[in-house]
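Participant: One structure, pasted below without further comment.
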Amino acid sequence: MNNATRFNSFADFYPFYLNEHCNVISRRLHVIGTSCVLLLSLTSIVTQHWALLWLLPVLGYSFAWVGHYVFEKNRPATFKHPLYSLMGDFKMWWQVVTQQLNW
């Protein structure tokens, strides 16, 4: 399966997403990046410094793309499946935090 594959649902996409994140260092980078995004979002809301929100994609993608290009040696699915990839980031983060998925 390649990044050009079409998926009918997020349930169909998520196994592909996990396969694209099988390297432990890449997965850890994604979890760290997603955690930073959540913390920055919360900080922005609590402090009402809305300009911080511009940093969200930079912060999140910097960790993720290092994981893909350096450790996974693949192209992020974000380019072909942006919404499903974002959903996958948060689902994988949740599964790691709740110990449903190893990291």
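Participant: Direction-averaged shadow area of the convex hull around the Cα atoms of the chain, nm²? Write out the running numbers ahead of the final one.
Facilitator: On the way: hull surface 26.2 nm².
Orientation-averaged projected area of the Cα hull: 6.6 nm².
Participant: For the chain, find the longest principal axis of its Cα atoms and tell me its angle to the long axis of helix 82-97, 0 to 90°, nearest 10.
Facilitator: Between helix and principal axis, roughly 80 degrees.
Participant: Using the Karplus equation 6.51 cos²θ - 1.76 cosθ + 1.60 (θ = phi - 60°), what ³J(HN,Hα) coupling, rounded to whole Hz, does each residue of the range 68-74 give in order, writing x for Gly and Pro?
Facilitator: 6, 6, 8, 9, 7, 6, 9
Participant: To continue, here is another question. Loop by DSSP (not H, G, I, E, B), at most 15 other beta-carbon atoms within 10 Å: where is the longest site-free stretch of the chain for trypsin sites (Lys or Arg not before Pro)? Spell out each step's value before the answer.
Facilitator: Values: sites that count: ARG6, LYS73, LYS80.
Free of exposed loop sites, the longest segment is 7-72.
Participant: Which whole-number percentage describes the relative contact order of the range 36-81, with Cα contacts under 8 Å and a sequence gap of 6 or more?
Facilitator: Relative contact order here is 27 percent.
Participant: Sequence gap at least 6, Cα distance under 8 Å: using those rules, report the relative contact order of the range 1-68 to the nearest whole percent. Don't jump to the answer; show the numbers that get you there.
Facilitator: Numbers: 42 pairs, mean separation 25.0, N = 68.
The normalised contact order for the range 1-68 reaches 37 percent.
Every number in this text was worked out from the coordinates using simple rules, so none of it is lab data. Everything quoted here is computed from the prediction, not taken from an experiment. Positions of Cβ are generated from backbone atoms using ideal geometry, with glycine treated the same way; all protein chains shown enter the neighbour counts.
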